[in-house]
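Read-outs throughout are calculated quantities, based only on the coordinates presented, and are distinct from any laboratory measurement. Please read these numbers as outputs of a predicted model, since none were measured by experiment. Positions of Cβ are generated from backbone atoms using ideal geometry, with glycine treated the same way; all protein chains shown enter the neighbour counts.
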There are 2 protein chains.
Amino acid sequence: MSDASSELEITARTQIRRKPDRGHYDLATIRAILDEAFLCHVSVDLGSGPVIIPMAFGRVDDDIYLHGAAGNALLRAIARGSDLCVAVTLTDGLVLARSAFHHSMNYRSVVVFGTGVQVDDVDEKRRAVDAIVDHVIAGRSADARPPTDAELRATLVVRIAISEASAKVRTGGPIDDDDDLALPIWGGHIPLRMVADAPIADPDVPPGVAVPPYAIDYRRVSSV
Amino acid sequence: MSDASSELEITARTQIRRKPDRGHYDLATIRAILDEAFLCHVSVDLGSGPVIIPMAFGRVDDDIYLHGAAGNALLRAIARGSDLCVAVTLTDGLVLARSAFHHSMNYRSVVVFGTGVQVDDVDEKRRAVDAIVDHVIAGRSADARPPTDAELRATLVVRIAISEASAKVRTGGPIDDDDDLALPIWGGHIPLRMVADAPIADPDVPPGVAVPPYAIDYRRVSSV
């Protein structure tokens, strides 16, 4: 794993051209955004133009893991080496400028380019599946019944290096034209956040099995 | 605009192959998911593999509008007729099964395939920009300073028909293997929702300009 302060090399694909001051190429920023997200959007060309699929994911050091059914067409294309893009976006707020033109959002986003490789090593596959479960809800993989060998065989896992990637971050209020500031129009921003409600137990949970702390305190243990 | 009960034709790209019972092809479901989302992810191949960009969007009848700077490479590719994919995903909850294998999420997602066209007609361009502003915060376009002709010229707007599209929806608790139900492992789901906090006024708002109701009551007027 590279040092968190490492800066990734800027490439033609990762260079932030619009509002370049919002671009970040350091692994610390990229990792933090990835770790706060529940899901990513993955795009691959399956032969008739790009396809986007939302997916869960896990991060181990500077690799992203994706998984799915062994027959999943998008994962199979990644396993064959197709060019891919992974995007993660956190929406932090709505920005109301005086002008329609300057309306915006506050967000933190990451985009990763590259290719992936199929993971066949059983130990790495188990680590990857645990990482994906724990990415969504930290600590869960230690409690859940682990995958059987048959379940692992039915699961396709791919690994994608976080080596060609960038982040883009916008924060704060509107940036209006000076001439618009005296207009009698309200400007400002509305913060948004994702919250978890109380967990809902499955009716078949045996008596005496308590709700685990990571489900009760989901809002506190996670930064979503 | 087609009748909301209209079912879109299923194509090779829109057919839901994994968990087909979660697939929906009716415009009412597709429109409702699009309208609840703040942003979409758009993918186009710019010549070196797929690129995903998160963007605001608007919907007018059965068209999606995207906009951005006139020099935006992804929008320019769409204006030239590149194949595209637009994805919208709402994350509604985390699903904790007894087995790691059956962990899942509750979500509502839409994917739209096709090509777009550049909007040059000034009236349509204004309607599109209003629709994008109002998509994020209903009613805002009537209060904001409208785009000047110069601002409109600096904005590239594209229109994408919602004609090749599908939705996928998962709700409820875990679906475990029968053999796992007696295990002493908690199973259930954790509902998630996006909430808005109190609006934060820009320091330059002139005295006497009130916070508009759609910003104060954002949580109530919107279904996010």
*Would segment B:162-182 turn up any residue that is more than 28 Å from residue B:24 (Cα to Cα), within 9 Å of another protein chain (Cβ to nearest Cβ), more than 23 Å from the chain's Cα centre (by Cα) and not small (Gly, Ala, Ser)?*
yes
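Conditions tested, residue by residue: (1) free of Cβ contacts under 8 Å to residues at least 24 places away in the same chain; (2) more than 7 Å from chain A (Cβ to nearest Cβ).
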position	(1), (2)
B:57	no, yes
B:63	no, yes
B:68	no, yes
B:73	no, yes
B:78	no, yes
B:81	no, yes
B:87	no, no
B:101	yes, no
*Across segment B:107-122, what is the number of residues that are in contact (Cβ under 8 Å) with a residue 12 or more places away in the chain and in a loop (DSSP other than H, G, I, E, B)?*
2
*Just checking, how many residues over segment A:186-209 are under 30 Å from residue B:176 (Cβ atoms) and within 7 Å of chain B (Cβ to nearest Cβ)?*
12
*asked:* Please go through segment A:84-137 and give me each residue that is of a type in the set (D, E, K, R) and over 28 Å from residue B:134 (Cα atoms), ordered by number.
replied: A:120, A:121, A:123, A:124, A:125, A:126, A:127, A:130, A:134
*Could you list, in sequence order, all residues of segment A:1-46 that are among the charged types (D, E, K, R), under 28 Å from residue A:75 (Cα atoms) and either outside any strand (DSSP E or B) or out of contact with any Pro (no Cβ under 7 Å at 6 or more places or on another chain) (or both)?*
A:9, A:13, A:26, A:31, A:35, A:36
*Of all residues in segment B:105-161 being in contact with a Phe, Trp or Tyr (Cβ under 8 Å, 6 or more places away or on another chain) and acidic (Asp, Glu), which is nearest to the other protein chains (Cβ to nearest Cβ)?*
B:151
